[in-house]
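Here the structure is laid out as structure tokens; the discussion comes afterwards.
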Amino acid sequence: MNNIINDMRDKARQLLAEGKVDVVIGYEKGSLPLKATPFFAHSPAEVDSLIWDETCENNLATYVAKTPGKKAIVAKGCDSRALAVLLQENQLVRDDLYIIGVSCAGVIDQRKIVAEVGEILEAGINDGKISVKGMAGDKEYLFAEVKDATCQTCRYPNPVLEDVHLGETIAVSQEAPAFADVIALEEKSAGERQDYFKEQMSKCIRCYACRNACPLCYCQECFVDCNSPRWLTGGVNRAENLFFQAGRVLHLAGRCVDCGACTRACPQGVDIRALNRKMTKDVYTMYNHEAGISEDGKPALNEYTTSDPEQFLVKE
Amino acid sequence: MKISKEKFGQAFDALVADYKVIAPVSDGSGIAFTEVKSFSDVKQDYLNSKLPPKAFFFPQHEKLMSYKKEGKDVTVKSELKVENTILFGIRPCDAKGMLLLDKVFKNDQYTDPYYYERREKAVIIGLGCTKIAPTCFCSSFEISPAGSEGSDLFLIDLGDSYEVEVVTEKGKALADRLALAELTADEQALVDKIKSAETPSKIDVSNTTSKLDKMFNSPYWDTLQEKCLGCNVCSFSCPTCHCFDISEEVCKNEGTRVRTWDACMAPLFTLHGSGHNPRDNKKARWRQRLMHKFNYFVHNNGSMSCVGCGRCIKSCPVNMDIRQVVDGANKAELVVE
Amino acid sequence: MQQNPYLPITMKLVKNLVETEDRLINTFTLEFMNKQDEENFKYMPGQFAELSAYGHGEAPFGIATSPTEPGILKFSVAKVGCVSNALHLMEEGTMVGVRGPMGNYYPIEQFKGKNVVIIGGGFAFTTLRSLAKYMLDDKHRGDYGDITVIYGARNPGLLLYKEELAEWENNPNINLVTTIDRPAEGWTKHVGFIPSITEQIAPSSVDTYAVVCGPPAMIKFTLPVLEKLNFPPERIYTSLEMRMKCGLGICGRCNIGTEYVCKDGPVFSMAQLKELPNEY
Ligand SMILES: Cc1cc2nc3c(=O)[nH]c(=O)nc-3n(C[C@H](O)[C@H](O)[C@H](O)COP(=O)(O)OP(=O)(O)OC[C@H]3O[C@@H](n4cnc5c(N)ncnc54)[C@H](O)[C@@H]3O)c2cc1C
Ligand code: SF4
Ligand code: SF4
Ligand code: SF4
Ligand code: SF4
Ligand code: SF4
Ligand code: FES
């Protein structure tokens, strides 16, 4: 880790000093234990705040299109996949972008820890072990025990797109994507599934943190904000909330890179991922498509050919 | 004065007949203020709720009125509904937050009947904090973790009993239904100790307002907000944020006019019909957030509109920490204009 | 008991008049349904109201009538979105909701004994019409000195209240100057932008108040002209627009610094605006 951090700072320093970029988007230590926070370094003097570890949970690709000028970005596997989709959709200019790739073994799911030890007072990460002092007790975890659910099924820990790679790459064993979580949900009865989503959706407060944290939710005017026509009301209830999430997941079909940023951003702990994963599985089985695994190609639903089997779609 | 928890529980259960009683409940993913029917449903050992209790006076989504159109005619009906309510277990920061919201919903010209009539019919039973979270910083605002300001009746947990402080007339009316006893000397000492506690985390706000007077054009705002996502988390979780939207929900020829929480962090908040937007960038919006809480509100209402509850710090998806933001403003160099 | 300020009164749309050639602005005449409503709705020039188009929503519009015109209220509304479109499509006889009057008004008490120059551009002329009409009323005309109105639009078809303007042309109690941006067939009056016409007319600033309303660009270029003519900022007034919802200073939407435009405005003097952040 330390080597990666040093290399990252050196690279950032060099890019800024040589004027290759105006800003380096990475992470710095946050104000709370086990929290990193997105960081924008504008000058070589600032680069020593950059860090890299298991707390770097935000998807920085969210910021890229909104940040003017030439920028470098620290990208994990999932961040790089989001960048790839953004490039496929012509949202970014590749020449304005310098990707500092890092392989990622996963990020920590804070909620799991807080649920057990209460508010975290102090924490340290050492050699794959996380020791936590909480208001309700102390505990030491193995990283694997508190790894975020997204990272447990991640097949792309190494950036798919990068201008430089820092540190080692991570060997990937899985051949095809595993959807055990989705299958488990699918196997439940319709009633059970309904109950599950009812419970999840009743927690949502429509703060739109999920949408805003998502690198691929970049619409100028989101359907939830549109007032003519008004697609959904401001009502904060299960039905309206589900309509919002269902709309969002449909808009992300074949585009969602399963980075988990939306779920982690949610202050209410809504299981947004359950919907996204189902869509990801369906897109994979129907189109054999995984979003953002290379710079070329198009999201599954943005592309058609005249040889598509559904002939009604294409007028010859 | 004090009352045993057992006796308090009995009195509490009796109150349920006359009042809608709201209390902290564990909902699986945290603490929520919810209507309860029995003291046994109340979570007694908790830090604070995920969302602020303001929603009982100012719901996130509320009908203001309904209407029915018939041809060219229309009939309009108010949807104001008020119940006698007790809010139990309100923390000192949130109780103070309510006093601040009072100033908003009754200004020099208007009184908001939806908020106010509910507020007047509600009794606040405050509960002092004996455990303090790392994100709590209410002591920065002269709020004590065991202070009774804003409560009608104020309790401190002494283990098997509550110390009871009658703060207002409304509180007295409730206290009359409780069999109160005198504190022992030991208990008094414990109360004094709890009352003298401060939050370990504290920010210096002594000069923040006057500093901000001169900071509208400061470069501080340029980089401060870069990581902010412009979501509604910080405002929705804040006990003192009061911004709302008014919209219409229509079904054929009937409809309701509703208000819903809104926030200055949303780009559309200030977008004019003409397309012009006076706060069309995140920088202007974060400046508004900080200015409103630590400057404009002080000029208009005589105090800051942050009570140090720490909810925005805990819930922000990018770890924007208002303590650091204020600290940064305190330290920012002033540009000579 | 104070009335519920969120509940509109019901008024009847008696006239829906296409006001401009581009058909983007209509003037609505609303009639009070009873004396009580009218008495409760005591307003002054410069105030606004929230109009409800039921089924669509509510939006703020300046009151174009003057309190000296009993029984009715008029609003001139540009078609820009949800509510304004719905209003434009409304048939005469439809009931609409009205909340108000809201906000402060032009300082007509201070204007007493002084000359007043009214400068308006485009469809922001609504509350200026109210002001002029109020001062021209027989009961009030004696209170004021010279009244000058400089009013411009892009072309003649876009001027509001054409009949009234024609009447003011020949009214010795008011000095009306109308202008359009570019020459047009049949137009014999001034041609040019409002700032330069103001400079040409050069109203004296002695004992005079100026009231300026219009698009931001027009205001921006007119202010320096007034300054050159020695109008002090305390004697220049304008009316601001912000996105509004409650109109009561509660929903937190329309502030400029410490001031809520709905409740503390919309009328501000330039001296006041200089003290506020430049965020409108
Ligand atoms: C004090 C005051 C006086 C005024 N006087 C007048 C007057 O006399 N005459 C006049 O014509 N106007 C006046 N206005 C302006 C008038 O209030 C606006 O034009 C009006 O509110 C527009 O409302 P609308 O519902 O028609 O448009 P909206 O539908 O609210 O908005 C119009 C445009 O903005 C966009 N928009 C708005 N809100 C949203 C949203 N939530 N999400 C996405 N897009 C959005 C829409 O896409 C649309 O293109 C005044 C304003 C104020 C504050
Ligand atoms: S929907 Fe969620 S998981 Fe998918 S790309 Fe967006 S933030 Fe990542
Ligand atoms: S982040 Fe969570 S609470 Fe907020 S809108 Fe998304 S799902 Fe709802
Ligand atoms: S919660 Fe955080 S990211 Fe969201 S608006 Fe507030 S500061 Fe920005
Ligand atoms: S600004 Fe944050 S800390 Fe302050 S009262 Fe609001 S939510 Fe609590
Ligand atoms: S203006 Fe912003 S900070 Fe102030 S109350 Fe409204 S949402 Fe909160
Ligand atoms: S419109 Fe609500 S505060 Fe001004």
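Once you compute Rg and the Kirkwood Rh from C-alpha atoms, what is the Rg to Rh ratio for the protein assembly as shown? All intermediate terms of the calculation are to be shown ahead of the outcome.
Working: Rg = 30.9 Å, Rh = 31.0 Å.
Result for the protein assembly as shown is an Rg/Rh of 1.00.
Would you please state the base-10 log of I(q)/I(0) at q = 0.10, 0.12 1/Å for chain B, with intensities from the Debye formula using one equal scatterer on every alpha carbon?
Each listed q maps to, in turn, -0.67, -0.92.
Taking only the Cα atoms of segment A:176-310, how large is their convex hull per residue, in Å³?
148 Å³
Within segment C:121-199, list the chymotrypsin sites (Phe, Trp or Tyr not before Pro) lying in a DSSP loop whose Cβ has at most 14 other Cβ atoms in a 10 Å radius.
C:Trp187
For a 25 Å ceiling on Cα separation, which of these pairs sit above it: B:Lys7/B:Lys170; A:Lys35/B:Lys43; A:Lys66/A:Lys147; C:Lys74/C:Lys274; B:Lys77/B:Lys121? List each step's numbers first, then the result.
Numbers: B:Lys7/B:Lys170 20 Å; A:Lys35/B:Lys43 28 Å; A:Lys66/A:Lys147 30 Å; C:Lys74/C:Lys274 32 Å; B:Lys77/B:Lys121 22 Å.
Violating the 25 Å Cα-Cα cut-off are A:Lys35/B:Lys43; A:Lys66/A:Lys147; C:Lys74/C:Lys274.
Among the aspartates and glutamates, which have Cα under 12 Å from the Cα of C:Lys162 when same-chain residues fewer than 8 positions away are ignored?
C:Lys162 reaches C:Glu19, C:Glu21.
Which links in A:Lys11/A:Lys139; B:Lys106/B:Lys331; B:Lys63/B:Lys252; B:Lys293/C:Lys79; C:Lys79/C:Lys228; B:Lys103/C:Lys245 stretch past 29 Å when you go from one Cα to the other?
A:Lys11/A:Lys139; B:Lys106/B:Lys331; B:Lys293/C:Lys79; C:Lys79/C:Lys228
Have a look at A:Cys256, A:Cys104, A:Cys217 and tell me which one the Gaussian network model of chain A (Cα, springs below 10 Å) gives the largest fluctuation.
A:Cys217
Over the whole of A:199-210, what's the average partner chain Cβ count within 10 Å per residue? Rounded to a whole number, please.
5
Under a 5 Å amide H to amide H cut-off, with H placed in plane at 1.01 Å, what residues pair with A:Phe39 once short-range neighbours are removed?
Placed amide hydrogens put A:Gly26, A:Tyr27, A:Glu28 under 5 Å from A:Phe39.
Using only alpha-carbon positions, what ratio does the radius of gyration of segment B:23-152 give when scaled by 2.2 N^0.38 Å?
My calculation over the Cα atoms of segment B:23-152 gives 1.26.
Could you give me the percent of Cα pairs per 5 Å distance bin for chain C, shortest bin first, beginning at zero and ending with the bin that holds the maximum distance?
Percent of Cα pairs in each bin: 1, 5, 12, 17, 19, 18, 14, 9, 4, 1, 0, 0.
Please average, across the residues of B:104-113, the number of beta carbons from any other chain that are within 10 Å of each residue's own beta carbon, and give a whole number. Show your work: numbers first, answer last.
Numbers: counts 4, 2, 1, 6, 3, 10, 11, 6, 8, 7.
Across the residues of B:104-113, the mean count of other-chain Cβ atoms within 10 Å is 6.
Give me the percent of DSSP beta bridges within the protein assembly as shown that run antiparallel, rounded to the nearest 5. Spell out each step's value before the answer.
Numbers: 89 of 134 bridges.
In the protein assembly as shown, approximately 65 percent of DSSP beta bridges are antiparallel ones.
Is any helix in chain A, taking whole DSSP H runs, at least 18 angstrom long along its axis by alpha carbon and on average at least -1.0 on the Kyte-Doolittle scale, and which ones?
Values: long enough: A:2-17 (22 Å, -0.74); A:190-203 (20 Å, -1.84); A:238-251 (19 Å, -0.15); A:272-287 (23 Å, -0.61).
Both cut-offs are met by A:2-17, A:238-251, A:272-287.
Sort A:184-197, A:19-32, B:320-333 by packing, meaning the average of other beta carbons within 10 Å per residue, with the highest value first. Provide the component values of the computation, followed by the final result.
Numbers: A:184-197: 11.9, A:19-32: 20.0, B:320-333: 17.4.
Averaged packing, sorted descending, gives the order A:19-32, B:320-333, A:184-197.
What does the charge dipole of segment B:208-331 about its Cα centre add up to, to the nearest 20 debye, if the Cβ of each Lys and Arg holds +1 and the Cβ of each Asp and Glu holds -1?
360 debye
Can you tell me how segment C:9-102 classifies by the Cα gyration tensor, rounded, prolate or oblate, using a/c under 1.5 as the rounded cut?
Values: a/c = 1.61, a/b = 1.44, b/c = 1.12.
Prolate, since a/c reaches 1.5 and a/b exceeds b/c.
Taking the dipole about the Cα centre of chain A, with the C-beta of Lys and Arg at +1 and of Asp and Glu at -1, give me whichever of A:Ala246, A:Ser173, A:Ser131 is farthest to the positive side.
A:Ala246
Using DSSP to define loop residues, name the trypsin sites (Lys or Arg not before Pro) in segment C:19-89 whose beta-carbon has at most 13 other beta-carbon atoms within 10 Å.
Qualifying residues, ordered by number: C:Arg23, C:Lys42.
Using alpha-carbon positions, what is the distance between the centroids of segment B:51-94 and segment B:113-141, in Å?
Each part's Cα centre sits 20 Å from the other's.
Along the positive direction of the dipole of the protein assembly as shown (beta-carbon charges: Lys, Arg +1; Asp, Glu -1; about the Cα centre), which of C:Cys82, C:Trp187, A:Val47 reaches farthest?
C:Trp187
Output the pairs from A:Lys188/A:Lys281; B:Lys54/B:Lys172; B:Lys20/B:Lys81 with a Cα-Cα distance over 20 Å in this structure; if there are none, say none.
B:Lys54/B:Lys172, as the Cα separations exceed 20 Å there.
With bins 5 Å wide starting at 0, give me the P(r) of segment C:111-239 over every alpha carbon pair, in whole percents.
Calculated P(r), rounded to whole percents: 2, 11, 23, 25, 22, 12, 5, 1, 0.
Please return the longest range in chain C lying between exposed loop sites, taking GluC sites (Glu not before Pro), DSSP loop only, at most 15 other beta-carbon atoms within 10 Å, and leaving the sites out.
Result, exposed sites excluded: C:186-280.
Using DSSP to call loops (not H, G, I, E or B), can you name the trypsin sites (Lys or Arg not before Pro) in segment B:227-279 whose Cβ has at most 12 other Cβ atoms within 10 angstrom?
Of the trypsin sites (Lys or Arg not before Pro), the ones in loops of segment B:227-279 whose Cβ has at most 12 other Cβ atoms within 10 Å are B:Lys252.
Can you find, among B:Cys243, B:Cys231, B:Asn300, the residue farthest towards the positive end of the dipole of segment B:208-331? Put +1 on the C-beta of Lys and Arg, -1 on that of Asp and Glu.
B:Asn300
Looking at chain B only, what percent of DSSP beta bridges run antiparallel? Nearest 5 please.
75 percent
Averaged over B:247-257, how many beta carbons belonging to a partner chain fall within 10 Å of each residue's beta carbon? Each step should come with its number before you reach the end.
Details: counts 10, 13, 6, 6, 1, 1, 2, 2, 4, 2, 8.
Mean inter-chain Cβ contacts per residue within 10 Å come to 5.
Which Cys in chain C stand alone, with every other cysteine's Cβ at 4.7 Å or more from theirs?
C:Cys82, C:Cys213, C:Cys254, C:Cys262
Computed from the coordinates by the stated procedures, all read-outs in this text should not be read as laboratory data. Here the structure is a predicted model, which means the values were calculated and not measured. All Cβ positions, glycine included, derive from the backbone under ideal geometry; neighbour counts span all protein chains shown.
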